1. Which trypsin sites (Lys or Arg not before Pro) does segment 160-224 hold that lie in a coil by DSSP with at most 16 other beta carbons within 10 Å?
2. Over the Cα atoms of segment 314-429, what Rg and Dmax result, in angstrom?
3. When only DSSP loop residues count, what trypsin sites (Lys or Arg not before Pro) in segment 447-479 have their Cβ near at most 14 other Cβ atoms within 10 Å?
4. Tell me the label-point distance for the pair VAL216, TRP347, using the 7 Å Cα-to-Cβ offset, in nm and rounded to one decimal.
5. May I ask you to rank CYS157, CYS466 by accessible area, largest first, using a 1.4 Å probe over the protein chains only?
6. Over the Cα atoms of segment 200-354, what is the Rg over Rh ratio if Rh follows Kirkwood?
7. Once ligands and nucleic acids are excluded and a 1.4 Å probe is used, how much of ARG412 is accessible, expressed in Å² to the nearest 10?
8. Where in segment 276-371 are there chymotrypsin sites (Phe, Trp or Tyr not before Pro) that are in a DSSP coil and have at most 10 other Cβ atoms within 10 angstrom of their Cβ?
Amino acid sequence: MADAAASAAPGSAGEGRRGGAPEQHESGRGEPKILWGNSEPRLSTAGPGQSSPQQRTETLGFYESDRSRRKQQRSLSDFSLLRFISAELTRGYFLEHNEAKYTERRERVYTCMRIPKELEKLMFFGIFLCLDAFLYVFTLLPLRVFLAMFGFITLPCYGLRDRRLLQPAQVCDILKGVILVICYFMMHYVDYSMMYHLIRGQSVIKLYIIYNMLEVADRLFSSFGQDILDALYWTATEPKERKRAHIGVIPHFLMAVLYVFLHAILIMVQATTLNVAFNSHNKSLLTIMMSNNFVEIKGSVFKKFEKNNLFQMSNSDIKERFTNYVLLLIVCLRNMEQFSWNPDHLWVLFPDVCMVVASEIAVDIVKHAFITKFNDITADVYSEYRASLAFDLVSSRQKNAYTDYSDSVSRRMGFIPLPLAVLLMRVVTSSIKVQGVLAYVCVMLFYCGLIFLKVLNSIVLLGKSCQYVKEAKMEEKLFNPAQTATPGKSPGKQQSMFKSTQGISTDDNGSTSVASEPVHQNENPPSLLVTSNSDQFLTTPDGEEKDTSQDSSELKHRSSKKDLLEIDRFTICGNRID
């Protein structure tokens, strides 16, 4: 029986091991220790101070001890909802770890806050520049024409001291005066009342489309009109060897008269459309026309701009704002005439006028603020723009000036005062009837007041311009002009065209350049010329002159940056808006 029990013990142990029952061993304290294997629990046979090799291996493998399991359960219990909410409420972070980023963002906010002030300074200065050029047409230009004609008539009394009967500036003044007089009489054949009722009979949407088309046409006329006038002035004043060459002035003169007349009619249609919007009962057309200003934000803000592009836009905004002021003046004159100059009706128009002006200012501020923000342009750039406009005014007052101030404003801003002056003269003479001696005395006093306003405005502007030029440190460009080639022509062509009248000049760096007609100067004039160490440009034969001009044109198109003094309203910059 004992042998059978002993023989059954191993079998039962094997069966229990195979059946999954745990095998127990007594430790030093008489307590069994159980080991769990892959599929069957086993008892450890190690002593009290020793660890089983199987236990160490399995612990380091895929399984953990009871202590680590309890820690894991405790850590899982830590991720409760309350602890998550507590962590979200008490979570901290440190902005100083990214100091440069937040400093840049703060500077952008400060720049946007400075934009209204700096922009309005530029606008205020530019509007007075346009006013000065506009008043010149009514005040000093008639006096200059009178003095030129008087000098021409009395010329035989003094003898022919020079070959020229008139100076170039006097010729240009006479041409401007004749164009003004001819266009003024031609405008009398345009019926303003018929145009008003014709426009008033159109639908609101059609008038909105017409007004947008007129704005586009006005910009196209301005871009091409100043070129026509400049071509007329140069054709009339350039040195001519034969008297037959003076006949070429006639087609240029007719073209200039036609341009001023058509542009004046276009501005009259703009003023009439605005007048219809003011007189409409529901004011829907006026609201739609003002909403057109906000379309400029969509078309300008989300585009790439550089300093030169922003300068062009600023000049365009100055010209547009001044033109709108003149159009509002014309609308007020026409409405006051219809109501027999009743001052009570002026207060009826006053809210609409303020609304149009306020919308224009708000759109300009928002547009420039976001353009400077998206393109990383500082607010100090408007001081540079103001200094560039001031430089034009100061340079036009020098003895060796090559253009009149009104013409420089026209090129820089795209503002041509002749068509607007013709329209204003037509509206004023048709709205105000002058009868009697007292009325003519009032007209003379008003004309003297305009002259006084023009002189006072010119003195203040000249003083401010000198201050801005000194602050920008641009005096060297006034007193030490470095003669450069004209950007619109290649140096080879200029050398062959003006070889008889122009010489060679050497700048401070020792590089040789061709002296040309005085232009607004750049600090680095040799960048526009094709130069070499051996001065091959000056000794290039006539057969190679074409290649040299092609190289210079390629170099000019490769240079993407231009000085602000070379940028006008219609200059195509190297890196134009994408």
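The values are calculated or read from the model by the stated rules, or taken from the named source; none is laboratory data. Nothing here was measured: the structure is a model prediction, and the numbers come from that model. Here Cβ is always computed from backbone atoms with ideal geometry, including for glycine, and neighbour counts include all displayed protein chains. With ligands, DNA and RNA removed, areas are computed over all heavy atoms of the protein, side chains included. Shrake-Rupley method; radii C 1.70, N 1.55, O 1.52, S 1.80 Å.
1. Within segment 160-224, the qualifying trypsin sites (Lys or Arg not before Pro) (loop, at most 16 other Cβ atoms within 10 Å) are ARG161, ARG163, ARG164.
2. When restricted to the Cα atoms of segment 314-429, Rg and Dmax are 18.3, 54 Å.
3. When the trypsin sites (Lys or Arg not before Pro) of segment 447-479 are filtered for loop state and at most 14 Cβ neighbours within 10 Å, LYS473 remain.
4. 4.3 nm
5. Listed by decreasing accessible area, they come as CYS157, CYS466.
6. Checking Rg against Rh, the ratio lands at 1.09.
7. Using a 1.4 Å probe on the heavy atoms, I get roughly 10 Å².
8. Passing sites in segment 276-371 are PHE302.
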